[in-house]
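What follows is a set of notes on a single structure, which appears directly below.
The values are calculated or read from the model by the stated rules, or taken from the named source; none is laboratory data. Bear in mind the structure is a predicted one, so any value in this text is a computation, not a measurement. Here the Cβ positions follow ideal geometry from the backbone for every residue, glycine too, while neighbour counts run over all protein chains shown.
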Amino acid sequence: MSVTVETGDTVAAALSGTRRMLQAAGIDSAALDARLLVAAALGITVETVIAWPERSLTPDAGVRLAALMRRRVAREPMAYILGRREFWSLDLVVTPATLTPRPDSETLVAAALDELPDRHAPLSILDFGTGTGCLLLALLSELPAATGTGVDIDRAALDVARQNAFRLGLTGRTGFMQGEWGLSLSESFDVIVSNPPYIATGDLAAPAPELRFEPRLALDGGADGLSAYRALIPDAARLLRPDGLLVLEIGAGQAVPVQALLAASGLTPLRVSRDLAGVERCVLARARAYPQEVT
Ligand SMILES: C[S@@+](CC[C@H](N)C(=O)[O-])C[C@H]1O[C@@H](n2cnc3c(N)ncnc32)[C@H](O)[C@@H]1O
């Protein structure tokens, strides 16, 4: 599909041309994406795009818009094109080294906060597979006395998480480290959260167009989608303080097997929380209130 923008186009004409092009490429969010791309090409806000439709596009902006459109028509996610994604009302930097934070993952943040009635408690939080840091940073933004550690196996993702913590003024309350789940950790935590890779390898053979751009490490959950849970749940059980809280994002249909893994590691499953579409999206569990006596 050839992607062109006419020199001398107004913003209104560029918007409708972009929207039509994205619709033809099968993109459901064509109208919204068109506004964002035109705003990015012009270096102005979406609000200004809407308020000033008669403004004309400079030749430079036209060239930039055509380049951005080409990427979107190839189904590159908007977050990679813009380098940004909003999550829990936080403006986060996103790069191809990180999963694009999903609105569904806000379910995990809300479910964790529901279990933490004292928002001013000095909690320590651990985030396995932190990616952009979205889960950890969202929790820290709501829990002003909490501190947090984000672990990821991927160094480039950790750079993004550090950058996000800095931009949000949370560097002083965060630490990020490269590692394999909890393998190199020994301190204990009040809260552990994770959105691990949970798509079965077979389901990635023909991924949805946007998924092709996202890091395999962030998606591939092994043959049955549960490999990461098998690896990280025993680490979480070891690292949680007595009565500590574990919240794990899950894929559709994974609640029962993940709860079985939690119970097998001595954790007590609490409940399953659903996302806005009604899909079971995360499981919650607690460590025992007092460690078991070793006999
Ligand atoms: C589904 S992404 C989640 C990213 C982010 N927490 C979010 O919710 O958007 C999973 C993350 O786990 C990381 N990861 C994969 N295998 C890992 C491992 N063995 N140890 C630590 N992190 C791992 C990936 O690099 C990726 O950043």
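Descriptive notes on the structure:
- Residue count for the range 55-97, restricted to those that are in contact (Cβ under 8 Å) with a residue 60 or more places away in the chain, away from the ligand (no atom under 13 Å from the Cβ) and within 20 Å of Thr132 (Cβ to Cβ): 3
- Exactly one residue among Val272, Val256 is assigned to a helix (DSSP H, G or I), among the β-branched types (Val, Ile, Thr), more than 13 Å from the ligand (Cβ to nearest atom) and modelled with pLDDT of 95 or more, and that residue is Val256.
- Within the range 194-207, the residues that satisfy the criterion of being free of Cβ contacts under 8 Å to residues at least 60 places away in the same chain and within 15 Å of the ligand (Cβ to nearest atom) are Tyr198, Ile199, Ala200, Thr201, Asp203, Leu204, Pro207.
- Cβ pairs under 6 Å, 6+ apart, first in the range 280-294 and closer than 17 Å to Leu239 by Cβ, second at pLDDT 95 or above and basic (Lys, Arg): Leu284/Arg271
- The range 103-128, subset near the ligand (Cβ under 8 Å from one of its atoms) and touching a Phe, Trp or Tyr at 6+ places or on another chain (Cβ under 8 Å), residue farthest from Leu183 (Cα to Cα): Ser105
- Scanning the range 95-152 for residues that are of a type in the set (D, E, K, R) and surrounded by fewer than 23 Cβ atoms within 10 Å (Cβ to Cβ) turns up Arg102, Asp104, Glu106, Asp114, Glu115, Asp118, Arg119, Glu142.
- Residue that is farthest from Leu262 (Cα to Cα), among those in the range 233-252 that are surrounded by fewer than 24 Cβ atoms within 10 Å (Cβ to Cβ) and within 11 Å of the ligand (Cβ to nearest atom): Gly251
- Only residues that are in contact (Cβ under 8 Å) with a residue 60 or more places away in the chain and hydrophobic (A, V, I, L, M, F, W, C) were counted across the range 130-160, and they come to 5.
- Total residues in the range 188-209 satisfying the condition of being among the acidic types (Asp, Glu) and either closer than 25 Å to Ala110 by Cα or surrounded by 16 or more Cβ atoms within 10 Å (Cβ to Cβ) (or both): the figure is 1.
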